[in-house]
Amino acid sequence: MKTNQKKEIQELKKEKDAVILAHNYQLPEIQDIADYVGDSLYLAQIATKVSSKHIIFCGVNFMVETAKILNPEKTVIHPSTDAICPLAEMVDVESLKWFQEDHPDAATVSYVNTTAEVKAVSDICCTSSNAVKIIKNIKEKEIIFIPDRNLGLYVKRFIKDKNIILWPGICPTHHSRIKREDILKLKEEHPKAEIIVHPECQPEVIDIAYQVFSTNGMVRYVSQSKKNEFIIGTEKELCYRLRKENPEKKFYPVATAICPNMKKITLDKVMKSLKNLEPILNLPSDIIEKARRPLIKMIEIGRGD
Ligand code: CIZ
């Protein structure tokens, strides 16, 4: 990035009273101009602490919605409204309600990768870092877990005394673009590297991992580890942050592990959003109120990692 462009962004942020939040999967140039980089829950919680009037949120739609739900008084701006999460689109309110009618005693646990409308009809939310903890804490013995089947299968490894009913959703990047053979090939090329994967990966990928973490969990783990080389089974841009924060260590991502939606946020779009303070994300107030409850319940039980 040119120095004058960086300077212009800094000046615009001041002039417009704006802060830039970027997800761990954002392009390097977006991570570089962000005030905060992290996972969706960390960013939504940061949004409650910053004093800036305008939040430019660089991530996919459900993350921007979560920031708005937890900060309804703030103006939350999404530089590219077409940056959606295909996993979040795999469950809709109508189908979920039918499913809930079929399982009247079940609690609905909704992964944060869901729309605000779906959260509004859920009992509690979870992230990939606290899913096990959240489900263990629920009194109900029957759980409808939406929408990520692989994360649900991972949770089932730790919880045997509950009937966890899974939804057939997947993250196309983690499910189809991170294959067991890709990881094994990287291991052959870098035998000393430790394999760390995301729980949205397929069970056969999780089986060969040394550690399974959310993105923020990975950030924490590698910085504290005595190991120097890591094979990273999640969206490849996380490695940009890992390398930046751990320049002495080596990180090997799967080359195909790209989320095309995350890449829809470009520097030009962020500049445009900063200048015009739009597109603003709006949600109906009743949805904000209803979707807030399962999110707050999750935050009260704890983040996990
Ligand atoms: O919640 C997030 O940010 C997601 C989708 C993944 C992660 O592990 O950080």
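Leaving out same-chain residues fewer than 8 places away, which lysines sit with a Cα under 23 Å from that of LYS226?
By straight Cα distance, LYS226 reaches LYS187, LYS192, LYS236, LYS244, LYS249, LYS250.
With the crude spin-label approximation of a point 7 Å out along Cα→Cβ, what separation in nm comes out for ASN282 versus ASP17?
For the pair ASN282/ASP17, the computed spacing is 2.0 nm.
7 Å from Cα along Cα→Cβ at both ASP161 and ARG293: what's the point-to-point distance in nm?
2.7 nm
What is the set of long-range amide H partners of LEU281 at a cut-off below 5 Å, with H atoms built 1.01 Å from backbone N?
VAL76, ILE77, HIS78
Order by neighbour count: SER223, SER129, fewest other Cβ atoms within 10 Å first, most last.
Details: SER223 11, SER129 23.
Starting with the residue having the fewest Cβ neighbours, the order is SER223, SER129.
Report Rg(Cα)/(2.2 N^0.38 Å) for the stretch 1-92, keeping two decimals.
Dividing the Cα radius of gyration by 2.2 N^0.38 Å gives 1.08.
So what's the gap between the Cα centers of the stretch 24-75 and the stretch 83-151, to the nearest angstrom?
The stretch 24-75 and the stretch 83-151 have Cα centres spaced 22 Å from each other.
Using θ = phi - 60° and the Karplus relation 6.51 cos²θ - 1.76 cosθ + 1.60, list the HN-Hα couplings for the stretch 157-164 in order, rounded to whole Hz, with x at every Gly or Pro.
With coefficients 6.51, -1.76 and 1.60, one gets 5, 9, 10, 9, 9, 10, 8, 9 Hz.
Beyond 17 Å, how much of the Cα-Cα pair distribution for the stretch 74-113 remains, as a whole percent? Display every interim value, and only then the final one.
Numbers: 390 of 780 pairs.
Tail of P(r) above 17 Å: 50 percent of Cα pairs.
Once phi is turned into ³J(HN,Hα) by the Karplus curve 6.51 cos²θ - 1.76 cosθ + 1.60 with θ = phi - 60°, what whole-Hz value does each residue of the stretch 191-206 show in order, with x for glycine and proline?
Once θ is set to phi - 60°, the couplings for the stretch 191-206 become x, 7, 6, 8, 8, 10, 10, 8, x, 7, 6, 5, x, 5, 7, 4 Hz.
Over the stretch 178-253, what is the mean sequence separation of C-alpha contacts under 8 Å (at least six apart), divided by residue count, expressed as relative contact order in percent?
Values: 106 pairs, mean separation 23.5, N = 76.
It rounds to 31 percent for the stretch 178-253.
How do MET262, MET218 line up, fewest other C-beta atoms within 10 Å first? Could you put the intermediate results ahead of the total?
On the way: MET262 24, MET218 28.
So the ranking, lowest neighbour count to highest, is MET262, MET218.
Would you mind estimating how fast the chain diffuses translationally, via Stokes-Einstein at 4 °C and 1.567 mPa s with the Kirkwood radius over Cα pairs, in µm²/s? Kindly include the intermediate steps, with their values, before the conclusion.
Details: Rh = 19.8 Å.
The estimated diffusion coefficient comes to 65 µm²/s.
Kindly list the residues of the stretch 116-138 that lie in the label zone of ASP92, defined by a backbone N under 13 Å from the point 7 Å along the Cα-to-C-beta vector.
Of the residues in the stretch 116-138, 118 have backbone N under 13 Å from the label point off ASP92.
Calculated from DSSP H runs of 4 or more alone, at -39500 (n - 2.57) each and per residue, what is the 222 nm mean residue ellipticity of the chain, nearest 500? Can you show the working numbers first?
On the way: 15 runs with 134 residues, N = 305.
Taken over the chain, the calculation gives -12500 deg cm²/dmol.
Run through every distinct alpha carbon pair of the stretch 51-189 and return the Kirkwood hydrodynamic radius in angstroms, one decimal place. Can you show the working numbers first?
On the way: mean 1/r = 0.0607 Å⁻¹.
The answer is 16.5 Å.
Using the reciprocal of the averaged 1/r over all distinct C-alpha pairs, how large is the Kirkwood radius of the stretch 178-253 in Å? Numbers along the way, then the final one.
Details: mean 1/r = 0.0826 Å⁻¹.
Hydrodynamic radius (Kirkwood, Cα pairs) of the stretch 178-253 is 12.1 Å.
For GLU194, what residues show an amide H to amide H distance below 5 Å, using hydrogens built from the backbone and excluding near sequence neighbours?
Correct list: GLU229, PHE230, ILE231.
For the stretch 142-225, build the convex hull from the C-alpha positions and give me its volume per residue in Å³. Before the final figure, lay out the partial values.
Values: hull volume 8.6 nm³, N = 84.
So the per-residue hull volume is 102 Å³.
Since every read-out is calculated from the coordinates, none of them should be taken as a lab result. These numbers were taken from a predicted model, which means no experiment stands behind them. Please note: Cβ atoms are built from the backbone with ideal geometry, for glycine as well, and neighbour counts cover all protein chains shown.
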